[in-house]
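I have placed the structure first, in the form of structure tokens, so that the comments after it can refer back to it.
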Amino acid sequence: MTAAARARLLAELGRYDRAEAEVRSGLADRLADAELLALLAAVLRLRGRPGDALAAADAAVAVVPGAAGAHAERAENLIALARTAEAVAAATEAVRLRPAEPQAHRVLARAHAAGRDFGRARTAARQALAFDPRSVASLLTLAEVERISGRRRAAARATRAALAEDPEHPGGRWLVALLDAERLHVAGAMRGLRQLAAEHPDRLGGQTLAWPILGVLAGLRRGLAVGVPLVFGMRLAARWWVPAECFARPTALVVAVVMITFAARVLLPAGRLPWRCLAFLPRRAVLAGLVAAGGSVALLLAYAVTGRWPVLLLAALSGGALLRMRATSLSTG
């Protein structure tokens, strides 16, 4: 068995550290082997090192510019690095070199989806399916495109079709959990993720199981970014139109209640597990974000009750602090 074959087998088993060692061992004798360089890029990407992976993919392309797989791997890493225009260009080149290769079309679909061009992403995913309508990888690529674009029913249909071919496929089960989470079916999502984490510990870590905390923080941030300025604007408008103050306090109450209800709908069904996995997150930043969000909601409630201007100002400052945390230290999406 060649070094490349051994590395692929180890990667399929989730043993990425050993797969990397195997590839590097092969490269020691063949420094300019494009196949091994592209495989090293894939393993490094799976290990969460897209910068190093891109360098390996660039080296593979430099050795063999016509290697479609190397261009496709470049695209995968450019997607991970959020360099979407370059990712589309690299994936397009992979398709040009190997137009009958479904994998190239799948990468192109992911690149277009990362760039929010869902029409082209959908077309590329369906082109991959045209080669094999029962391909689990292509069905899941289409499902992911549909999910990101907000078409959850279409995503669910494609996911069910993939799981009909392979009921235990981790990617399909992962998508089911994501779709459940997005519909706020939190208990079902957590059950699915717990099972996946138990079966594939090398692929799903504690950060994945802490998603309810991250999701709540992201939702509170988005809601407060709209709600607090709205209430603040109404309160300011009362200087010129007195009745505006009558709308400001009820609006503050509605925003606060909606935020509290949202947080409860996510965190209560999730149970204690996400909090146990808090250590896998940037803990201080997450806790600071939750404190800032909770303080802003509490101050909105206080303003709704008292109508006092300084309380609303403090709510705005707390919400602003939350947004600044997002810009500097949080990566909760």
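The values are calculated or read from the model by the stated rules, or taken from the named source; none is laboratory data. This is a predicted model, so every value here is computed, not measured. For neighbour counting, all protein chains shown are included, and Cβ atoms are generated from backbone atoms with ideal geometry for every residue, glycine included. Heads up: the accessible areas ignore ligands, DNA and RNA and are worked out on the full protein's heavy atoms, side chains in. Shrake-Rupley method; radii C 1.70, N 1.55, O 1.52, S 1.80 Å.
Determine whether residue 212 is within 24 Å of residue 12 (Cβ to Cβ) and either open to solvent by 20 Å² or more (accessible area, probe 1.4 Å) or assigned by the TED database to the domain that holds residue 285 (or both).
Against the criterion (within 24 Å of residue 12 (Cβ to Cβ) and either open to solvent by 20 Å² or more (accessible area, probe 1.4 Å) or assigned by the TED database to the domain that holds residue 285 (or both)), residue 212 does not qualify.
Write out, first by first residue and then by second, each pair whose Cβ atoms fall under 8 Å of each other, whose residues are 6+ apart or on separate chains, and whose first residue, in segment 238-259, is closer than 15 Å to residue 228 by Cβ while the second is open to solvent by 70 Å² or more (accessible area, probe 1.4 Å).
So the pair list comes out as 251/230; 255/230.
Just name the residue that is nearest to the chain's Cα centre (by Cα) out of those in segment 22-50 that are open to solvent by less than 60 Å² (accessible area, probe 1.4 Å) and of a type in the set (Gly, Ala, Ser).
Of everything passing the filter in segment 22-50, 48 is nearest to the chain's Cα centre (by Cα).
Provide a single number: the residues in segment 261-277 that are among the hydrophobic types (A, V, I, L, M, F, W, C) and surrounded by fewer than 16 Cβ atoms within 10 Å (Cβ to Cβ).
Final tally of qualifying residues: 4.
Is it the case, given these coordinates, that residue 172 is within 30 Å of residue 278 (Cα to Cα), small (Gly, Ala, Ser) and open to solvent by 10 Å² or more (accessible area, probe 1.4 Å)?
When the stated conditions are applied, residue 172 does not pass them.
Can you tell me which condition residue 91 does not meet? The list is (1) open to solvent by 20 Å² or more (accessible area, probe 1.4 Å); (2) under 23 Å from residue 151 (Cβ atoms); (3) outside the structural domain of residue 145 (by the TED database), and all the others hold.
(1)
From the list 228, 186, which residue is modelled with pLDDT of 85 or more, under 19 Å from the mean Cα position of the chain (by Cα), under 24 Å from residue 264 (Cα atoms) and surrounded by 15 or more Cβ atoms within 10 Å (Cβ to Cβ)?
Unique residue meeting the criteria: 186.
With respect to the numbered conditions (1) within 21 Å of the chain's Cα centre (by Cα); (2) in the same structural domain as residue 132 (by the TED database), which one is the sole condition not fulfilled by residue 104?
Looking at each condition in turn, residue 104 falls short on (1).
Could you check segment 294-310 and list, in sequence order, the residues that are open to solvent by less than 30 Å² (accessible area, probe 1.4 Å) and at pLDDT below 90?
Passing the criteria: only 307.
Any residue that is hydrophobic (A, V, I, L, M, F, W, C), in contact with a helix residue (DSSP H, G or I) (Cβ under 8 Å, 6 or more places away or on another chain) and buried (at least 18 other Cβ atoms within 10 Å of the Cβ) - is there at least one of those in segment 236-244?
No, segment 236-244 contains no residue that is hydrophobic (A, V, I, L, M, F, W, C), in contact with a helix residue (DSSP H, G or I) (Cβ under 8 Å, 6 or more places away or on another chain) and buried (at least 18 other Cβ atoms within 10 Å of the Cβ).
Could you check how many residues of segment 51-81 are assigned to a helix (DSSP H, G or I) and open to solvent by 30 Å² or more (accessible area, probe 1.4 Å)?
Residues in segment 51-81 being assigned to a helix (DSSP H, G or I) and open to solvent by 30 Å² or more (accessible area, probe 1.4 Å): 11 in total.
Among what's in segment 121-149 and is within 20 Å of the chain's Cα centre (by Cα) and open to solvent by 50 Å² or more (accessible area, probe 1.4 Å), pick the residue that is nearest to residue 184 (Cα to Cα).
Among residues in segment 121-149 that are within 20 Å of the chain's Cα centre (by Cα) and open to solvent by 50 Å² or more (accessible area, probe 1.4 Å), the one nearest to residue 184 (Cα to Cα) is 148.
Mind counting the residues in segment 278-293 that are of a type outside the set (A, V, I, L, M, F, W, C), open to solvent by 40 Å² or more (accessible area, probe 1.4 Å) and part of a helix (DSSP H, G or I)?
Here the count works out to 2.
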